[in-house]
Structure formats: structure tokens, C-alpha cells
Amino acid sequence: MKYSRSLSILMLTVLVTGLLVAGCAPAAKPYECTDEWGCAITEKGQTIKVAYVGPMTADYSAFGTDISRGAELAVKAHPTVKGFDIELLVEDTQGTPEQGASVANKLAADPRVVAVAGHTFSGSTEAAIPIYEKAHIVMMSPSTTLADLPAIGPNVYNRVAFSDKLQGQMAANYIYNTLSVRKVVVVHDGGAYGKGLVEGMAAAFEELGGTALGKEGITPGETDYSAPLAAIAALEPELLYFGGYDADAAVLVTQMAGAGLGGVKFFGCDGTYGTNYLDLSGDAAEGTYSTYVPIPPSAVFDKFKVDYEADYGDPQGKLSPFSPHGHDATALLINAIEDAALESGDSLIIPRKALADAVRSIKDFPGLTGMLTNDGKGECAAASPLFMVVENGEWVEAPGQ
């Protein structure tokens, strides 16, 4: 009896072991997503989808091309999270609100898209934010500066660029106190960015005691602004302040003298700064002003510039000043994904609310644009604006700052 019982126990042990080895053990309990926004699930063999969204074609493609390159270099430097490859989707808005909304709807329909490095223009972003809010897709914009954007996207919108409220106030102060200008006309391209910026600047300028003689809108992309410039000349301003982008700024500058504005100063914004503006404006750019987003000197920025030119052939800064911001926006998102992601078997789980919280909790992140900290409401900018002037065909720091 003892022998028989021992044999039975042995046979039972062998049977159970065989079943376990054969894969008949109880299946592991699947991960249960308890995040209030849901979870993005990346299975083995799939990629983590992060999108860059900006103008890749049409008139403002230089901005999108440049910023997307910065994003690509960030992914190249940090290509994986917990063993899963990051895939950068590059989507084209052509710089318009309509395309911005269309791209946002496309990305929101893909359950594996976890974050958006974008959008690039404020108008496109303004149209897209409500879609990302509803889909719970976190954003980190490299370049949108419209002051009201954080209020539109209180849960998902973040940026590494400064606010136009700051840019407009600082421009007004510099124009009034340093340039001693008392009469200005503000001109915008009709977009959310340009219009919002000049309205803020005009209000701040008048608070200082100056006079905004008028506000003029132009249609972007045209080659002849002689009519609105003639109307501006009749107001006899000392300075024309422009909110918009480099191509339109160049047309305005080259036509000012012919419209009777030869002695009037031109003051642009961060959308007009860059070598593209100089190339398009030629000699007419001499003495004009713009806003620059300074990048602090560092070994990592030096390496970034070397890598940028090696990969793309262009010197960094040729197309726009924002490729470092494209890098930082993407790097911040990758860092937050690393913090929020959970491994479950062969899958990577990214809880969406936890990811948004990780982005809002970023503190002292060493970016190319400086040490980045989220204020808890989406503002991450490390630097404030610096004003530049064209001297001998080159941008130099404007005096008196």
C-alpha cells in the first residue's frame, strides 16, 4: 500500500508538471486599465507612435521641415522606451487651421498614437486642441505662442515656446523706451498667431503712452501689398509692427519704400526671424527688427548643430530658429512616456492620464533651449525673447536690452 500510494503521488506530480510544461497552466491575468482616460497598448513587434504636426508643404514648409528635423534627431537620440521602438509620424497641416483639424481627427482615430509634438502654428493648433482634448492625446508644441492656447487645452496642451503675451509686452516696451517710438501701425496676416500678437503689443504700447494709429490685416501668400501699405503711409507712423511669417514680412519690407514708408522702421516677430527672411528681403532687410528665441550655448547644442548639418545638409538655423524647440518638445514627450509606461507581458501599456500628468510634472529637464520645467498649466519655456536687428545683411543683437 505504501508503495502504491507513493507511485500514485509520483504519477500525479509528473502529470501536473507535464501539463505546466505543455502550457496548460492558468493564463496570466490580463492587464486591467484603470486610468480614467484609458490606455494606449503597444503589442510586441509594434511601435510607440508619436506624431509631429506642422506645415510640410506650401508657403511655410521651411518651418515644418526644420522643426520635424529637430524631432527626428530627438528620436534618433532616444529611439526606444522599455525595448519598444518609437515611430515618429510626420503630418502636414500646410499651416492652415482646416488641415490642422483634419490631421488631429486622423491621429485621434488611431488608438496607438500616444502623444503629439505640435502643432507648429497657433491657428492650426487652436483648431486641433479640442480634438486632442476629447481623445486624451497629450501635446507638446515647439513653437505656438498664442497666449490663450493653454486655456483652450487645459488638460493636454503644453509648449516649450514662450507666450505672445510676454513677446508683445516686451516688444512694446523696447519700441517705446529704447527706440523712442510714439506712433505705430500694427499689421497681421489674419491668423490666430499674428492677430493675437499685434493686438497684445498694441494694447501694451498704448498703456505705456504710445499711440496705435491703426490695425491692418493682409492676405498671406500674396506678392503685392502696395494697397495696404499706401493706407498705412497715410497714417504717418514711425514704425510698422508685423505679426506673421517671414515670406509675407519680406514682401512688406521690400515694398515699403515704394509706398511712401521709406523712413519708417519695420519690427517683426519670432515668425519673421531667420536667414530665409534675409534671403527674401535682400537689401531692404537692413535696419529691420525681429524677435529671436535665444538658445544657450552648450556642448549638447554644439553636437546638435553638427548632427543636424550632417543628416540634412543645411546648417542649423537656416530654415527657421525652431529646430531645437522641435527636439525639446519631442524629447520631453519621450521622457514622460518612459515615466508613465508599464510593462505587461509582451505589451507596453501607456495610461493616458498618467502620461499627461507626467508631462505636467516635468522639472529641470536639460533641453537644448535651456532647463525646462512645466508650471503645471502647460508652460515649459526656458527662455524669454531677444530682439535682433539686421546690420550689414546679418542678424545681430539689437542694442539696449
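Here are a few things to note about the model shown:
- Descending principal axes extents, region 318-375, alpha-carbon based, whole Å: 45, 25, 16
- Just so you know, the averaged projected area of the alpha carbon convex hull for the chain sits at 24.0 nm².
- The charge dipole of the chain, taken about the Cα centre with unit charges on the Cβ atoms of Lys, Arg (+1) and Asp, Glu (-1), comes to about 1820 debye, rounded to the nearest 20.
- Remark: the Thr47-Asp314 segment gains 93.2 nm on full extension, using 0.36 nm per residue and subtracting the alpha carbon distance.
- Viscosity 0.890 mPa s, 25 °C: Kirkwood-radius Stokes-Einstein D of region 79-184 over Cα pairs, µm²/s: 161
- Cα radius of gyration and Dmax for region 23-150 (Å): 16.6, 62
- Cut-off 13 Å between beta-carbons: net charge of the residues surrounding Pro79, Lys and Arg +1, Asp and Glu -1: -2
- Restricting the calculation to Cα atoms, region 164-292 yields a radius of gyration followed by a Dmax of 12.9, 36 Å.
- All aspartates and glutamates inside 16 Å of Lys82 as judged from Cα atoms, apart from same-chain residues fewer than 8 positions distant: Glu43, Glu338, Asp339, Glu343, Asp346
- Considering only Ala77, Ala115, Ala383, the Gaussian network model of the chain with Cα springs below 10 Å gives its largest mean-square fluctuation to Ala77.
- Acute angle (nearest 10 degrees) that the helix 299-312 long axis makes with the longest principal axis of the chain, alpha-carbon atoms: 90
- Counting charges near Ser180 (Lys, Arg +1; Asp, Glu -1) among other residues having Cβ under 13 Å from its Cβ returns a value of +2.
- Exposure proxy for Ile48, Ile129, Ile41, Ile349: other Cβ atoms within 10 Å of each Cβ, ordered fewest to most, give Ile41, Ile349, Ile48, Ile129.
- Contact order relative to length of the chain, as percent, for alpha carbon pairs under 8 angstrom and 6 or more apart: 19
- Out-of-range pairs (alpha-carbon distance over 19 Å; input Lys318/Lys363; Lys195/Lys215; Lys49/Lys106): Lys318/Lys363
- Between helix 192-207 and the chain: long-axis angle, C-alpha atoms, 0 to 90°, nearest 10: 50
- Rounded to the nearest 10 degrees, the inclination of helix 246-256 to the longest alpha-carbon principal axis of the chain is 0 degrees.
- Between the listed residues Leu235, Gly191, Tyr289, the Cα displaced farthest toward the positive end of the dipole of region 164-292, a dipole computed from Cβ unit charges relative to the Cα centre, is found at Leu235.
Only the coordinates and a few stated rules stand behind these numbers; no lab work does. All figures in this text were calculated on a predicted structure; none of them were measured in a lab. Ideal geometry is used to build each Cβ from the backbone, glycine not excepted, and the neighbour counts take in all protein chains shown.
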